[in-house]
Amino acid sequence: MSRDPGPVTGSDAPVLVASGCGGTGRELDALGGLDGIGGFVTRTITLDARDGGPRPRVVESPSGFRYAVGLQNPGIDGFLALELPWLVSRGIRVAVSISAASLGEYADLGRRLGRSPGVAAIELNLVPPDAAGAGLFDAREPFQAARVVGAVRRDLPAGVQLWAKPSADPGRLAETARALAEAGADAVVLVNGLPALMPDGRPAGLAGPAIGPLALRCVHDVASQVPDLPVIAAGGVVDADDVRALLDVGAVAVQVGSALLHDPTAAARAAATLRGDA
Amino acid sequence: MSRDPGPVTGSDAPVLVASGCGGTGRELDALGGLDGIGGFVTRTITLDARDGGPRPRVVESPSGFRYAVGLQNPGIDGFLALELPWLVSRGIRVAVSISAASLGEYADLGRRLGRSPGVAAIELNLVPPDAAGAGLFDAREPFQAARVVGAVRRDLPAGVQLWAKPSADPGRLAETARALAEAGADAVVLVNGLPALMPDGRPAGLAGPAIGPLALRCVHDVASQVPDLPVIAAGGVVDADDVRALLDVGAVAVQVGSALLHDPTAAARAAATLRGDA
Amino acid sequence: MSPDRGPLHVAGEVLSVKRIGAHHHVTVVAPGIAERFRPGTFVVLTLDDAADTARLQPRSFWIHRVRPTGSHGATIELVVAAGSRFTRRLVALPQGSPVRVTGPLGRPFAQPREPVSCLLVGEGYAAAPLFPLAERLRERGCTVSVLLAAPDEAHLLGALEARRTARSVTVVTADGSVGVRGTVVDALPELLTRSAADVVYAAGPVATLHAAAAAAEQHGAWSQTALETAQPCGTGLCQGCPVPVVAEDGVGRLVRACTDGPVFRGDRVRWLEVDAR
Amino acid sequence: MSPDRGPLHVAGEVLSVKRIGAHHHVTVVAPGIAERFRPGTFVVLTLDDAADTARLQPRSFWIHRVRPTGSHGATIELVVAAGSRFTRRLVALPQGSPVRVTGPLGRPFAQPREPVSCLLVGEGYAAAPLFPLAERLRERGCTVSVLLAAPDEAHLLGALEARRTARSVTVVTADGSVGVRGTVVDALPELLTRSAADVVYAAGPVATLHAAAAAAEQHGAWSQTALETAQPCGTGLCQGCPVPVVAEDGVGRLVRACTDGPVFRGDRVRWLEVDAR
Ligand SMILES: Cc1cc2nc3c(=O)[nH]c(=O)nc-3n(C[C@H](O)[C@H](O)[C@H](O)COP(=O)(O)OP(=O)(O)OC[C@H]3O[C@@H](n4cnc5c(N)ncnc54)[C@H](O)[C@@H]3O)c2cc1C
Ligand SMILES: Cc1cc2nc3c(=O)[nH]c(=O)nc-3n(C[C@H](O)[C@H](O)[C@H](O)COP(=O)(O)OP(=O)(O)OC[C@H]3O[C@@H](n4cnc5c(N)ncnc54)[C@H](O)[C@@H]3O)c2cc1C
Ligand SMILES: Cc1cc2nc3c(=O)[nH]c(=O)nc-3n(C[C@H](O)[C@H](O)[C@H](O)COP(=O)(O)O)c2cc1C
Ligand SMILES: Cc1cc2nc3c(=O)[nH]c(=O)nc-3n(C[C@H](O)[C@H](O)[C@H](O)COP(=O)(O)O)c2cc1C
Ligand code: FES
Ligand code: FES
């Protein structure tokens, strides 16, 4: 890659809040959950507001959760008006997660976020495991995922990073990661929730400590096979030991998701422990 | 498919012991663990005896196990001489799991097992997640997996079923399953252990209740998208409820693996509960 | 949020578990939470470290009573209907057992500025948050009437205690084992008239809340309903608790039960869609 | 396997936990297992249902003593060195707690047909299986000498009890807090000569077993070693416990500690490779 996008996290610990697991940020902050955090990834935002799917949306699974939230979000306008300003005023590094129905919509979202002060990165939620039938652009094939990266990259200011979060599909991850890097992604986020089913048969994401060893493998494989592309890890992180294990196999930063539902201070505590190490 | 291979399990409950989790069968039987079971899949057998990998080989993981046994087995000769006869004399339906270094070796193993009385099925362990670098034929690509099926199918007697257990890779499972069906597989086994890492960085399989919701999705997707191909499910089954959930999304039979390490009577109890239903 | 109003995430400890009728009253030492309590808020509890348990979901409980300055430090009291795996474990915990407590969470009951007439309607254990509310309302000079409902006497919460605070207490049970045989729906119209209620506060199953909200509206009263619906996190993080409401601008919207509620104005909730979503 | 010899998988119950020195002696009601016990076998325990716990692996424990006909039914006694998460939970269980027990598992100590001279060598809690062995050997008319070792007095198991059964008991501790200051390696040569042992039975860490096997061979004695190595399942299902041995045919082979052992002839184990695999 030619551009140097700088570090993916702020000056704090390499611990981020994962997309969809930190509310609007305010709720975590009220509990001290953002203290010392390296960044906050918003839940996935779409062009128009979405109501999301039916209940139940999040159910326990052995050592994890299955989720089928269905991308409930206030749309880009609502987000820019009601949520981004607080995050910016809180002084936290913000990555905005987006999904879209077409390459044009992706580009559009990218442009609008790119000129919004306080957006440090855009994270492309390329294949939400719980959004089958939600009318999103199908980016399961590596070359399609790369096209999304290309479409958003084109008009993105240099100061805004572009992270790509592909499908958590161990089989072709290296191939996908290479395509994403060539199309201009500054980092790849591994792993998304795994494809799963809700108890009633709807498609869902599977997340939490249950999937930790798989995330470790994905991060290891991509970091070693595509060494130029920074890997931001996610999947099963509960404490500082989990963060260290992922950094050890090559991640540059680590996101905490499901663990926050169990303990909203999990990310902040992991970050504090890691700082204690230094 | 033109041939009718008959049911994949014996007359008992549609509950099988999964490959690599039932010892030689004798150990389970001593604890009543084979009572009422519909079939027993052996650990994966190779042409020559193998020592397997270093320790640790099986470690706890949140709601599951990571394993890197590395296919320790007595080779086909040792198996036929020392293990198959007991299973046959016990009157249990036997599926022999195999892996090989080449298509020729696969065909050879198939021929020898095909003429061994008491072998009801051959299960192809196409991509053991813990055997990277073990010199096995690389069957990750669907067309390569299909070639293995074709090679074994050719000389297999009509009475012996051929089951294919591909890589647990949700992304391309339907595509893989179609290729396996066309090449002559009588059933597909989903899922194998997921690709993962051992704590010390060796490749491993991830199994147990942790992966249950993912197995549910894989079985559902293949059963609905490739309706002609019977699906034998595995992944996270602990009790009769788990078996029912997998049958409900289209499995014809269900294997129990990791749960046996926690409770060797798990499969027998699930089978008994299911029979109580009828 | 100012530091003395926001919720806390603390290491608590079980002080006592007492069986009263069909419920267990669980008192937990939870420093800081009692001090911040306002009626209608709740806590979420977890019993295990994430590394040990296969079940990561915290569970929500109304705060029934607080004692900011007990001899064991600040405590909160919860009323637990032990049925699920989680609740059965909770009520079996010996004194001193660790339990992680997050709270107080959610928006409390809005309280009137004027000393108006209030009708409090509670069913089963869910009536728990109404008792501290009744006390605060009385302190403000409000007239408090209470309607308590339950399937039977064992599931009836706090009738005696209500009589200490309220001007009038009506009890209905489905089997008639105590009070009048009947339901909230049967008893509401007459009570609303008799108490000349300006505000109805309701806590119970969705059907009861809906009935209370509808009856209040018919009588020209405000209503405040404490909604209990599945809450995967309870802290506003997961969007697993959508509630369909009509916002101030008249537009339909999905909000979070745990953070935008659990107390809602009864006329804002699209009741018929609550279960569907 | 005949029904009265094979292992069982039963719902057990904690009868008592007693702290003795650095160890906890845990007595478990485990119907059927006591009756089938032979010295050198072990049990595996699990404490939780698979649906509740994030940690599925059972843990292995030597059977230290059995009482087939106690007033509480058949019980087994385990000696637990509480350090890991599992063992700390185990020794904290109140009486009556459920615990799933599988056993007796593994091959027991081979016992001589003739009344020969036996030296029993045990280190720390791992000496547990030697005590019931000593009794059976004495019943068969064998001469029993015992060497017990530990880092210190607190970790020394059963010296008093050994004196009741054995003709001679030697104690060595690393810190000299009881017995002679020293190790098994220091004490073995003299003891082997003094006891004129025909068979050495050893239980302890791998280094100790290796030393015992080597010393026995040097003195022309047989040895039986009770190997303790990580056992993911304990029941022979997973192949997670490979032990490198030389089989009867002289060929090197990997066998399972849990099922082909845990007791091995000392001259059959390729000791230098035990840790490596
Ligand atoms: C604001 C609030 C306050 C509360 N206060 C109290 C209180 O004071 N006292 C009290 O006893 N209880 C209270 N509860 C209820 C309590 O939190 C638990 O929900 C209740 O004890 C049931 O336990 P459980 O979730 O373990 O139920 P279980 O039946 O064990 O449910 C287990 C899991 O199943 C999921 N599930 C439930 N229904 C379905 C379905 N239809 N389809 C698919 N999955 C489903 C749930 O999401 C959960 O993950 C309150 C709940 C809320 C939201
Ligand atoms: C035959 C036999 C008999 C036994 N008898 C007794 C007895 O009588 N009394 C007694 O107190 N104990 C006994 N033990 C030991 C006991 O079973 C436990 O192993 C011990 O208590 C340690 O507990 P743990 O496995 O939870 O250790 P932990 O340290 O908690 O290990 C947890 C996990 O880490 C894994 N692990 C361990 N080492 C490594 C490593 N180097 N790299 C990667 N992973 C690793 C283990 O596989 C395990 O999954 C016996 C063991 C055996 C095999
Ligand atoms: C309730 C829930 C909602 C999620 N929503 C999103 C989302 O909107 N966008 C997204 O990219 N990932 C979403 N995820 C996936 C997480 O960001 C993360 O990739 C995944 O959960 C793995 O991390 P974990 O094991 O720490 O949870 C969600 C996960 C959960 C549990
Ligand atoms: C210890 C262990 C060893 C295994 N060995 C094999 C094997 O030799 N061949 C094979 O095809 N699958 C093997 N598997 C995978 C299982 O057969 C099964 O596909 C997988 O574990 C998912 O099922 P489970 O969740 O019930 O364990 C093994 C799994 C475990 C846990
Ligand atoms: S329960 Fe998670 S946001 Fe309300
Ligand atoms: S511990 Fe599983 S086979 Fe020995």
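The values are calculated or read from the model by the stated rules, or taken from the named source; none is laboratory data. All values derive from a computational prediction rather than experimental measurement. When we count neighbours, we look across all protein chains shown, and the Cβ atoms used for this are built from the backbone with ideal geometry, even at glycine. These area figures cover heavy atoms from the full protein model, side chains too; ligands, DNA and RNA do not enter into them. Shrake-Rupley method; radii C 1.70, N 1.55, O 1.52, S 1.80 Å.
Considering (1) at the interface with another protein chain (Cβ under 7 Å from one of its Cβ atoms); (2) part of a helix (DSSP H, G or I), say which one B:Ala81 fails and leave the rest.
(1)
If we scan segment C:226-245, do we find a residue that is over 30 Å from A:Asp263 (Cα atoms) and not assigned by TED's automatic domain parsing to the domain that holds C:Val199?
No, segment C:226-245 has no match at all.
Specify the residue that is farthest from the chain's Cα centre (by Cα); the eligible residues are those in segment C:78-105 that are within 17 Å of C:Gln231 (Cβ to Cβ) and of a type in the set (S, T, N, Q).
C:Ser84
Please verify whether segment A:20-32 includes one or more residues that are in contact with a His (Cβ under 8 Å, 6 or more places away or on another chain) and not hydrophobic (A, V, I, L, M, F, W, C).
Yes, segment A:20-32 contains at least one residue that is in contact with a His (Cβ under 8 Å, 6 or more places away or on another chain) and not hydrophobic (A, V, I, L, M, F, W, C).
Got a number for residues in segment B:15-38 being under 14 Å from the mean Cα position of the chain (by Cα) and at negative phi?
Final tally of qualifying residues: 8.
Need the failing condition index for C:Ser223 against (1) under 16 Å from the mean Cα position of the chain (by Cα); (2) free of Cβ contacts under 8 Å to residues at least 24 places away in the same chain, just the number.
(2)
Going through segment B:239-266 one residue at a time, which ones are within 9 Å of another protein chain (Cβ to nearest Cβ), touching a helix residue (DSSP H, G or I) at 6+ places or on another chain (Cβ under 7 Å) and either hydrophobic (A, V, I, L, M, F, W, C) or open to solvent by 10 Å² or more (accessible area, probe 1.4 Å) (or both)?
B:Asp239, B:Ala245, B:Val249, B:Ala259, B:Leu260, B:Ala266
Scan segment A:164-206 for residues that are open to solvent by less than 10 Å² (accessible area, probe 1.4 Å), more than 14 Å from chain B (Cβ to nearest Cβ) and not hydrophobic (A, V, I, L, M, F, W, C) and report the count.
1
Check segment C:35-54 and report whether any residue there is away from every other protein chain (no Cβ under 12 Å), among the hydroxyl-bearing types (Ser, Thr, Tyr) and within 16 Å of ligand 1 (Cβ to nearest atom).
Yes - at least one qualifying residue is present in segment C:35-54.
If you go through segment C:186-234, how many residues are within 14 Å of C:Ser117 (Cα to Cα) and hydroxyl-bearing (Ser, Thr, Tyr)?
Residues meeting the conditions: 4.
Restrict the check to segment A:1-19 and report whether at least one residue is in contact with a helix residue (DSSP H, G or I) (Cβ under 6 Å, 6 or more places away or on another chain), at pLDDT 95 or above, open to solvent by 10 Å² or more (accessible area, probe 1.4 Å) and assigned to a loop (DSSP other than H, G, I, E, B).
no
Would you check if there is a residue in segment D:56-64 being within 14 Å of chain B (Cβ to nearest Cβ) and open to solvent by 40 Å² or more (accessible area, probe 1.4 Å)?
Yes, segment D:56-64 has at least one match.
Every residue, every condition in (1) within 16 Å of ligand 4 (Cβ to nearest atom); (2) within 14 Å of chain A (Cβ to nearest Cβ); (3) open to solvent by 20 Å² or more (accessible area, probe 1.4 Å); (4) not in a loop (DSSP other than H, G, I, E, B), yes or no:
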{"site": "B:Asp108", "(1), (2), (3), (4)": "no, no, yes, yes"}
{"site": "B:Arg111", "(1), (2), (3), (4)": "no, no, yes, yes"}
{"site": "B:Glu123", "(1), (2), (3), (4)": "yes, no, no, yes"}
{"site": "B:Gly135", "(1), (2), (3), (4)": "yes, no, yes, no"}
{"site": "B:Gln144", "(1), (2), (3), (4)": "no, yes, yes, yes"}
{"site": "B:Ala151", "(1), (2), (3), (4)": "no, no, no, yes"}
{"site": "B:Pro157", "(1), (2), (3), (4)": "no, no, yes, no"}
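Identify the residue in segment D:29-53 that is under 21 Å from D:Leu137 (Cα atoms) and in a loop (DSSP other than H, G, I, E, B) and, among all such residues, is nearest to the chain's Cα centre (by Cα).
Among those residues, the one meeting the criterion is D:Gly40.
Looking at C:Thr102, C:Thr69, C:Thr75, which one is within 30 Å of A:Pro213 (Cα to Cα) and in a strand (DSSP E or B)?
C:Thr102
Take C:Leu192 and tell me if it is modelled with pLDDT of 95 or more and not β-branched (Val, Ile, Thr).
no
Please determine whether any residue of segment A:65-74 is under 30 Å from A:Thr273 (Cα atoms) and surrounded by fewer than 17 Cβ atoms within 10 Å (Cβ to Cβ).
Within segment A:65-74, none of the residues are under 30 Å from A:Thr273 (Cα atoms) and surrounded by fewer than 17 Cβ atoms within 10 Å (Cβ to Cβ).
Residues of segment B:37-55 being open to solvent by 20 Å² or more (accessible area, probe 1.4 Å) and more than 12 Å from chain D (Cβ to nearest Cβ), which ones?
B:Leu47, B:Asp48, listed by residue number.
If the Cβ limit is 6 Å and pairs must be 6+ apart or interchain, which residue in segment D:15-29 that is under 13 Å from D:Gln95 (Cβ atoms) pairs with which residue that is crowded, with 21+ Cβ neighbours inside 10 Å and of a type in the set (Gly, Ala, Ser)?
D:Val28/D:Gly12; D:Val29/D:Gly12
Assess whether A:Val219 counts as being crowded, with 20+ Cβ neighbours inside 10 Å, under 18 Å from A:Gly276 (Cα atoms) and away from ligand 6 (no atom under 16 Å from the Cβ).
Taking the combined requirement at face value, the residue does not satisfy it.
When C:Ala110 is evaluated against the numbered criteria (1) free of Cβ contacts under 8 Å to residues at least 60 places away in the same chain; (2) surrounded by fewer than 16 Cβ atoms within 10 Å (Cβ to Cβ); (3) of a type in the set (Gly, Ala, Ser), which criterion, by number, is the only one it fails?
(1)
Could you please find all residues in segment A:20-46 being touching a residue at least 60 places away in the same chain (Cβ under 8 Å) and in a strand (DSSP E or B)?
Hits for segment A:20-46 are A:Gly39, A:Val41, A:Ile45.
Within segment D:105-130, can you find the residues that are among the polar types (S, T, N, Q) and in a strand (DSSP E or B)?
D:Ser117, the sole residue that qualifies.
Going by the structure shown, is D:Leu120 more than 15 Å from ligand 2 (Cβ to nearest atom), away from chain B (no Cβ under 14 Å) and touching a residue at least 60 places away in the same chain (Cβ under 8 Å)?
Yes: the conditions hold for D:Leu120.
From the list D:Ala74, D:Ala82, D:Ala34, D:Ala51, exactly one residue is modelled with pLDDT under 95, open to solvent by 20 Å² or more (accessible area, probe 1.4 Å) and touching a strand residue (DSSP E or B) at 6+ places or on another chain (Cβ under 7 Å). Which is it?
Only one candidate qualifies: D:Ala82.
Just checking, which of A:Glu83, A:Glu105, A:Glu60 is within 16 Å of ligand 1 (Cβ to nearest atom) and among the charged types (D, E, K, R)?
A:Glu60
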